[in-house]
Structure formats: structure tokens, C-alpha cells
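Down below is the structure, laid out as C-alpha cells.
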Amino acid sequence: MTVRRRIELLRTYVGAQWPHLGLLMLASFVPALLTALEPLAMKLLIDNALGGQALSGIAAEVVDGVGLSEEPRSLVIAAAVFALATTLGSYLTSDGIGMYWEWVGARMVRNVARDVFDALQHLPPSFHARTASGDALSRVITDASSVYTATSVLMVSPAIHVITIATVGWAAWLLDPGLMIVILCFAAFTAAGSRWLSNRLKRMAAYARRQQVAVVSFVSQVVRSLPLVQAYTAERQNLRTFRSFTDRSLNASRRVTLFESSADAISAVVGVFAVAAVVVLGGQSVIDNRLSVGDVVVFIAYTRVLDANFRALLSLGRQLRLADVGLERVDEIITCDERLLDPADPIPLLRGRGGASVRFDNVTFGYDPADPILKNVSFEVEPGETIAIVGESGAGKSTLIGLLSRLFDPDSGRVLIDGVDLRDATIDDVRRSVSVLRQEPLLLPLSVRSNIALGR
């Protein structure tokens, strides 16, 4: 899938949720700011309460403003209250943003699933004949969530992480620009490795998704054919086949999980080295009286926050590769060009009480055009006339009904109702003019009334 097509697909569903997404972006500044303030409680405790340094700047103004003395005991309490307020506030706002995004995302998934389901209903039987039923279920139930995942990866999560990195990074830069440059060097190394791993992950995820679809398709087909399975005592054979499918699916999913875990472990190791570098260089700065002990403790906390957000930001590339698999499968259905189209200037079919005439005029049709089932078929049925078409299995009896209902169009020739070529009428008009009662019973999970009135 090209980047342009991915953006077009996402824009279709993101546009309706844009006010909510904008609110999420603005709200993300709150936990980012609180995260940057959290470590300052340790500086207050170490440098001022325990180290005896005098307060200065904003800290001194705040302490004077609330009426606290600068005695060690008061400063210890102030540090504890400050840590509690910033930490609790950060957790609560982050959880609130997460819950709100889950709600917005659920609305997006609902809309995508609705459109995929609607598109599947309008695709011709030839498409469904070569597509396993489990594949269709997977696209509606599983792949629809890929739009939510991709939006989270491309917009929501990057915004949250970038805002946090910018806020905490600015605070770290004010504290010591040299140490901040060291952190950025480690981040660049992690980014290069993450990009290489992401490309391999997409191929592995696509294979794993195909194996999952194979399992769902097999189970769906067996359940639909249970009377036949039981009549031929095929349970054991099907169980062996099921085990084979599930083993392949499990192994493929396990490889994806192992690959992701390995990538996360490598990033974590780089982060540990970044903290170690800050400890060494920061300690040297304390010895040289350029920084206080509290400053180094704060910077170590900032390093951990930046490392966590850098790694989360870089992991989004791998998540996007996983989401791309689902996006491509959704896009295949929504943009599939196999569906029949209505004419630009349709001719209405007039439905009278006396019935309608039906004529097949030199019709040729095949599900595979190279191997036609019907060849040059011509016949006519007058209004009120009853006819029976007989023939062996596969002769094309059901295909005739499909052509009359315009489930598909003939490769050549015409099918007419009251002299109107069905391709010149709308699909809805044609199907309202034709009633089909099939041999096999079909009951949808609806009321009896709704099943009887289906389509009418």
C-alpha cells in the first residue's frame, strides 16, 4: 500500500473524529508538563531539604507564597506533597486520555467494519467463491481495527510522545545541554536499528495473518458441513488438519512475538547505556561543581523518561508495519472493482400484476471466462407461464437464476425482463422484480418476522 493511499483511507475515517482527536492532542500537554515536573521533588529533597542549599527562583517564591518555612522538615513535607501531586496528576490525566482515545477508536472501528461488511455484501458470488468465508470474517472482525491502530501509530501516540519528549527535553536542556546531546546520540542509534527491524517485521506479520485466516476459514467450513462430516466419520481427519493449521499459525505468531521482544530488548539495552553515560558524566560534573547531586538525580529521571518515550516512538514503526497488513486487506475490499455498477441513465422496470416476460438472448457465461458453463443459451418465458429447467449437477441451473437476479453479468448476450436489458436497469430494481426460493434453508439471526420479510 502506498503512503498516499494509506493517508486517503485513514482520512476517510479520521475526518469524522477530528474534533475528538484535536482535544486529545491538547490534553496531552498536561501529563507531559507534569512528567517534567515530577523529578524536581527529588531535587528539592536532596539539594535543599537534606543538602542545605538555599531555595532560589520560582521554588523560593512558591514556598514563600504558601507560607512554608525553609526548614528541612518543612521542605521534606513540601517535596512529598509535590511528588504526590505531580505523579498522581500525571497518572490520572494519562489514563483519562487513554480511555477517551479507546472510545474514539471504537467509533472508528465500528465505521470501518460497517463499510467492509457492506462492501462484502455487494461483491459478486464469483469473488466469494474464490475467497474463504473465514477470510471475510477476519476482514470485518480483525482487520477493521487496523485503521484504529494506524491512526494511533501515525497521529495520537506520536503526538503524546513528541509532546513529552519536547517538554522533558527542554527541561533537560536547561539543566545541562551537554548531557542532553549525549541522550540524543543514543536515540539516533536506536532509531537506525528500529527502522531495519520494522521492514522485516511486516513480512513476518503478513505471513502470520494468512495462517490465522486459514484456521478461521477451516473451522467455518467444517461447522457449515457438520452433517456431512459426521456422516463420513471425518472428525479425526479434520482434527489432524486443524492441528496442522493451528501449529503453523502458532509458530508464525510466536516468531512475530519473539522478533518484537528482541527489538524491545535491544532498545532497552541502549537505554541502559544511556543512563550509565549520564551517571558517569553527571558525576564528573558534580565533582567539578557544575551540577549538584539533585541535578544529576533529576537528569537521570529525565533520561529514563526520554528513553521510554524514544523507544515507544520508534516502536510505532513496527506497529505500523503490523497495521499495514490489516489496512491493505481492508482496502482490497473497499476498493474492489468487481462489484456490479448501475448505469448512468437507468431504465425502470415496470412491475405489473400480470407478471413479466423473461428472455435469455444468446447468453454465454463462465465463472472462469476461459471455461464457460452456459454457451449461447436462448429461451423466453411469457408472463404467467411456468417452466422447469432440469439438468445434472453443474449444468448451470443455479447460474441461470444468478444471471436473472443480476448477481453477475453474462460474458456475452443479454438477459431481459419485459424487453429491458438488466444491465440498463438498477441492481435494486432488478432484484425487487425477482424472487428466489433456494433449495437449502437460510435463516439469519433475526426474528421470524424479519426473516420472512427479508428484503421487502
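Where a number appears in this text, it was derived from the coordinates with a stated rule and is not lab data. Treat the numbers as computed from the prediction; the structure is a model and nothing was measured. So basically every Cβ, Gly included, is an ideal-geometry build from the backbone, and we count neighbours across all protein chains shown.
Find the eigenvalues of the gyration tensor of the Cα atoms of the stretch 294-444, then list the square roots of 5 times those eigenvalues as equivalent ellipsoid semi-axes, largest first, in whole angstrom.
59, 18, 15
Where the centre of each part is set by its Cα atoms, how far does the stretch 363-403 sit from the stretch 1-53, in angstrom?
That distance is 64 Å.
Could you list, bin by bin from short to long, the percent of Cα-Cα pairs of the stretch 153-274 in 10 Å steps?
11, 25, 23, 16, 12, 9, 4, 1
How do I389, I373, I141 line up, fewest other C-beta atoms within 10 Å first?
Final ranking by Cβ density, sparse to dense: I389, I141, I373.
At 222 nm, what helix-only mean residue ellipticity would the chain give, in deg cm²/dmol to the nearest 500, using -39500 (n - 2.57) for each DSSP H run of four or more?
-22000 deg cm²/dmol, from helical runs alone.
Indicate the gyration tensor shape class of the stretch 127-173 (rounded, prolate or oblate), computed on the Cα atoms with a ≥ b ≥ c the square roots of the eigenvalues: a/c under 1.5 is rounded; otherwise a/b larger than b/c is prolate and the rest oblate.
Numbers: a/c = 7.19, a/b = 6.55, b/c = 1.10.
Note, shape of the stretch 127-173 comes out prolate.
What helices does the chain hold that run 18 Å or longer along their axis, going by alpha-carbon atoms, with a Kyte-Doolittle average of -1.0 or more, using DSSP H for the helix calls?
On the way: long enough: 72-122 (75 Å, 0.45); 157-175 (27 Å, 1.45); 177-224 (67 Å, 0.61); 235-287 (76 Å, 0.41); 293-334 (60 Å, 0.66).
Span-like helices, by this rule, are 72-122, 157-175, 177-224, 235-287, 293-334.
Quick one: which residues, 5 or more positions from S412 or on another chain, have an amide H under 5 Å from its amide H? H modelled 1.01 Å from N in the peptide plane, none for Pro or chain starts.
Sorted by chain and number, the residues that satisfy this are T364.
Within a 10 angstrom radius of the beta carbon, how do Y367, Y13 rank from fewest other beta carbons to most?
Arranged by neighbour count, lowest to highest, Y367, Y13 become Y367, Y13.
How long are the semi-axes of the ellipsoid equivalent to the chain, from square roots of 5 times the Cα gyration tensor eigenvalues, in whole Å, largest first?
For the chain, the semi-axes come out at 67, 24, 19 Å.
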